[in-house]
Amino acid sequence: MNKFTINKSLLKHTAILLIVFFLLGLYFEISIIFFFVGLWIYAMFYQTLEILLGSVCRFQVFKQLFSIPLVHLNYGFNLPDVYNYKQKNHYCLPFEGEWLVCNGGICKNTSHSWHLPSQRYAYDFVAIDDKRKSYNIIKSDIENYYCYGRNILSVADGIVVEVGNNHSDIKNLNGEVKSPIRDLRGNYIIIKHSCDEYSLLAHLQENSIMVKVNQHVKMGEIIGKCGNSGNSSEPHLHFQLQTGKSFYLSAGLPIRFRNVVVVSKCNYMHNEFSEHYNGFIERNYLIKSKLYSSIF
Ligand SMILES: [Zn+2]
């Protein structure tokens, strides 16, 4: 098959997909979310072009966008939120010592990704020093980041249902050397805690995952190390609680961690602050678990 034939075939499928998206858009327009749907269709078109250019990572972004209306439909346009969802299990923090919530929260303006249902209540965590920096001396070397290589813990008892474990860390952060990103999550673990509560821990260090699929884990058990694999701009832990195993078709769940101490609130990357809301953590909170002592 020559290149021309491949492109012709892809263009045909792209045209069909765009027509489907357009029809979906018309439907949603009636549901008074015109602007968002317009943005979504534009993003789909853009991502389709990126796929034609051959990026596997972009294909995952495409899947994320495609799944948005499916998740909304599945939940009758009433996604789980802090008012209608009652958490089933107790959860500890997925790390030891003090870490900063550098992204994520329960409201729209602090949310990790409000419009991506599975990541709506996700959190990104980094470790910082007393100067509020996440790295020591040289910013471009991942080894200098305080959270890199730190233990990552299971947040509750459960069974490992999925592991992604063959990605390299993106080692150099100055933009000159880039590893191919085959999965947005890099190395990751998904643990089932009950029939509709699953935790996802992503961007783990290469070769650091200590658990296998079908393995039972306990709350606080070390399951891997913090890394910089996947779509990650610096070493950090991405954590989310979701309704199922699928990264794309699950809805994100708001999570109240147990025994959390808010050490302080600091302006790290964003200006917005929000109040500590009934046990939920928010962006810019420096937190630790009562079970562990600070290393700084
Ligand atoms: Zn994240």
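The values are calculated or read from the model by the stated rules, or taken from the named source; none is laboratory data. Everything numeric here is computed off the predicted structure, so don't read it as measured data. Reconstructed Cβ throughout: ideal geometry from the backbone, glycine too, with neighbour counts over all protein chains shown.
Looking across Asp129, Asp124, one residue alone is within 16 Å of the ligand (Cβ to nearest atom) and touching a residue at least 40 places away in the same chain (Cβ under 8 Å). It is Asp124. Residue-level check: of (1) under 20 Å from the mean Cα position of the chain (by Cα); (2) crowded, with 16+ Cβ neighbours inside 10 Å, Tyr135 misses just (1).
Scanning segment 94-121 for residues that are more than 12 Å from the ligand (Cβ to nearest atom) and without any contact (Cβ under 8 Å) to a residue 60 or more places away in the chain yields a total of 2.
If only residues of segment 108-132 that are basic (Lys, Arg) and more than 22 Å from Trp40 (Cβ to Cβ) are counted, the one that is nearest to the chain's Cα centre (by Cα) is Arg132. Of the residues Asp157, Asp141, the single one that is assigned by TED's automatic domain parsing to the domain that holds Ser232, touching a residue at least 40 places away in the same chain (Cβ under 8 Å) and more than 16 Å from the ligand (Cβ to nearest atom) is Asp157.
This table checks each residue for (1) among the hydroxyl-bearing types (Ser, Thr, Tyr); (2) out of contact with any Gly (no Cβ under 7 Å at 6 or more places or on another chain); (3) surrounded by 21 or more Cβ atoms within 10 Å (Cβ to Cβ).
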site	(1), (2), (3)
Gly97	no, yes, no
Gly105	no, yes, yes
His115	no, yes, no
Glu143	no, yes, no
Leu153	no, no, yes
Glu162	no, yes, no
Asp169	no, no, yes
Asn172	no, yes, no
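Evaluating Ser208 against the criteria (1) within 13 Å of the ligand (Cβ to nearest atom); (2) among the small types (Gly, Ala, Ser); (3) more than 23 Å from Gln87 (Cα to Cα) leaves one unmet condition, (1).
Tallying residues that are crowded, with 18+ Cβ neighbours inside 10 Å and of a type in the set (S, T, N, Q) within segment 229-253 yields 6.
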